[in-house]
Amino acid sequence: MVRPVARRLHAENIEEVVTTALKRSGVSLEEIDAVAATVKPGMPLSLVVGTEYGKQLALNARKPFIPIHHMEAHALTVRMVEQLIIEINTRIFWVEFPFLVLLVSGGHSLLVLAHSVDRWSIIGQTVDDAPGEALDKGARRLKLRNIPECSSMSGGQAIEHLAKEGNPRAYDFPTPMWKYRDCTFSFAGLKHSLLKLITKLEEEYEVEGGNIIPPIRDVCASYQYAITKHLVRQTQRAMVYNDIRGLLPKENLKLVLSGGVACNNYIRSALQKLCETTGYQLLCPPPRLCTDNGIMIAWNGMERWKAQSGVIYDEEAIKNIDIKAKCPIGVDLTEDVRSLGIKIQKWVKFR
């Protein structure tokens, strides 16, 4: 992504997007209660466009402004989705707080405990790369765009597609963070191991230029399995930590999976196996709401509006709101997790 270009395109299209959304909804600006916009965390050049536009819209319409944390929005989307399902099926059900969240995307990898709309605890996070980045950069080095059936897919989609016909045990990848008894993630080592494997296989099969290594499906399956195993194991330890500290009631053991990587069905199925074994219920938004979208920001705004948390009414306060490229979602409990030295007696296995 070329960030200045992204900012320019964002600025060129934001007015039309907002105008079209209002027109299609049949609601005028005067009828809405407040304006919500993402202010943290993210790429500054793009954040500033949406934040400044949202602030000005709120000021011009004399509406309150609600600053949104990007990862908080991902985590709360499932509460909207489950409510819609309930209304359609006329069932009484609601994703109540607290619940465990695994947020996985191109820029983030977080295990978070959602206590309420405005209270979060970080149980584990990545110390380097994110899983989405590892998948996309891996796909780029594997030259998957040169395979006709994968030419229009994202890197993660292409790896998942090819992995379906591959052997996930064909190649061994190291287990990240295995020496540390905490819930932190690391994907840089896996990415480096993949690059070394590709170089070795290209030499072995004398592959040059844009050609593809013959065992491409096995490589994709093994790489996807390694990333998934890391996600599942750290999540399993987070579940044990929650049990030790009594952070989740036994009748409300829920794991919410969200973020762009949550679109991966192989990862979903592995986490489903983990939840079935540990007594958790796995909840995932539909794929179209896992990747970044405006709906999740609007829903987060509505949640905060109903709770009257983080809603800014004062005009000067609205004008002074600024973006934050980096911003933790909550209190970091990593050291507390580490202090317990949690040893897993038996890891949950999946295929």
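The values are calculated or read from the model by the stated rules, or taken from the named source; none is laboratory data. Every value quoted in this text rests on a predicted model; they were computed, and no experiment measured them. Using ideal geometry, Cβ is built from the backbone for each residue, glycine included, and neighbour counts are taken over all protein chains shown. Areas reflect the complete protein model, heavy atoms only, side chains present, ligands, DNA and RNA absent. Shrake-Rupley method; radii C 1.70, N 1.55, O 1.52, S 1.80 Å.
For D128, the accessible surface of its heavy atoms amounts to roughly 70 Å² (probe 1.4 Å, protein chains only, rounded to the nearest 10). Using the Cβ-Cβ distance between V5 and A325 with R0 set to 25 Å, the FRET efficiency from 1/(1 + (r/R0)^6) comes to roughly 0.85. Close amide H contacts of G124 (hydrogens built in the peptide plane, cut-off under 5 Å, sequence separation of 5 or more or a different chain): L111. Within the chain, the longest run free of exposed loop sites, counting GluC sites (Glu not before Pro) that sit outside DSSP helix and strand states (H, G, I, E, B) and have at most 12 other Cβ atoms within 10 Å, spans 209-351. Computed from backbone phi with θ = phi - 60° and the Karplus coefficients 6.51, -1.76 and 1.60, the 3J(HN,Hα) list for segment 277-293 is 6, 9, x, 8, 10, 8, 10, 9, x, x, x, 5, 9, 7, 6, 4, 7 Hz; x is used for glycine and proline. For segment 120-219, applying the loop criterion from DSSP together with a ceiling of 10 other beta carbons within 10 Å to the trypsin sites (Lys or Arg not before Pro) yields K179. The stretch between K306 and R169 holds 44.4 nm of extra length on full extension. This uses 0.36 nm per residue minus the Cα-Cα distance.
Between Y205 and T334, the distance separating the two model label sites (each 7 Å from Cα on the Cα→Cβ line) works out to 3.8 nm. Based on DSSP H segments of at least four residues, each scored -39500 (n - 2.57), the chain has a per-residue ellipticity at 222 nm of -15500 deg cm²/dmol.
Please tell me which of these pairs span more than 26 angstrom C-alpha to C-alpha: K40/K164; K179/K326; K191/K324; K137/K229; K143/K200; K23/K306? Can you show the working numbers first?
Working: K40/K164 36 Å; K179/K326 28 Å; K191/K324 28 Å; K137/K229 19 Å; K143/K200 15 Å; K23/K306 24 Å.
Among K40/K164; K179/K326; K191/K324; K137/K229; K143/K200; K23/K306, the Cα-Cα distance tops 26 Å for K40/K164; K179/K326; K191/K324.
Taken one residue at a time, the phi angles of segment 147-158 give Karplus couplings (6.51, -1.76, 1.60, θ = phi - 60°) of 8, x, 5, 10, 4, 9, 8, 6, x, x, 5, 5 Hz. Gly and Pro are set to x.
Compared with the alpha-carbon gap, the fully stretched path from L59 to A188 is longer by 42.1 nm at 0.36 nm per residue.
Between the alpha-carbon centres of segment 148-206 and segment 316-348 there is a gap of 27 Å.
Just one of (i) 73, 53, 34; (ii) 54, 45, 40; (iii) 66, 49, 41 is Cα extents along the principal axes in Å as worked out from the coordinates here. Which one is it? Checked against the structure: label (iii). Of the chymotrypsin sites (Phe, Trp or Tyr not before Pro) found in segment 189-273, those that fall in a DSSP loop while having at most 16 other beta-carbon atoms within 10 Å are Y205.
Of all trypsin sites (Lys or Arg not before Pro) in segment 1-91, which ones are in loop regions per DSSP and have a Cβ with at most 13 other Cβ atoms within 10 Å? It would help to have the intermediate numbers written out before the result.
On the way: sites: R7, R8, K23, R24, K55, R62, R79, R91; in loops: R62, R91.
Of the trypsin sites (Lys or Arg not before Pro), the ones in loops of segment 1-91 whose Cβ has at most 13 other Cβ atoms within 10 Å are R62, R91.
If the segment from I244 to K349 were pulled out straight at 0.36 nm per residue, it would be longer than the present Cα-Cα gap by 35.6 nm.
With label points built 7 Å along Cα→Cβ from the Cα atoms of E251 and S152, find their separation and express it in nm. For the pair E251/S152, the computed spacing is 4.9 nm. Quote the FRET efficiency, to the nearest 0.05, computed for E316 versus R119 with a Förster distance R0 of 30 Å and r equal to the Cβ-Cβ distance. Calculated transfer efficiency: 0.65.
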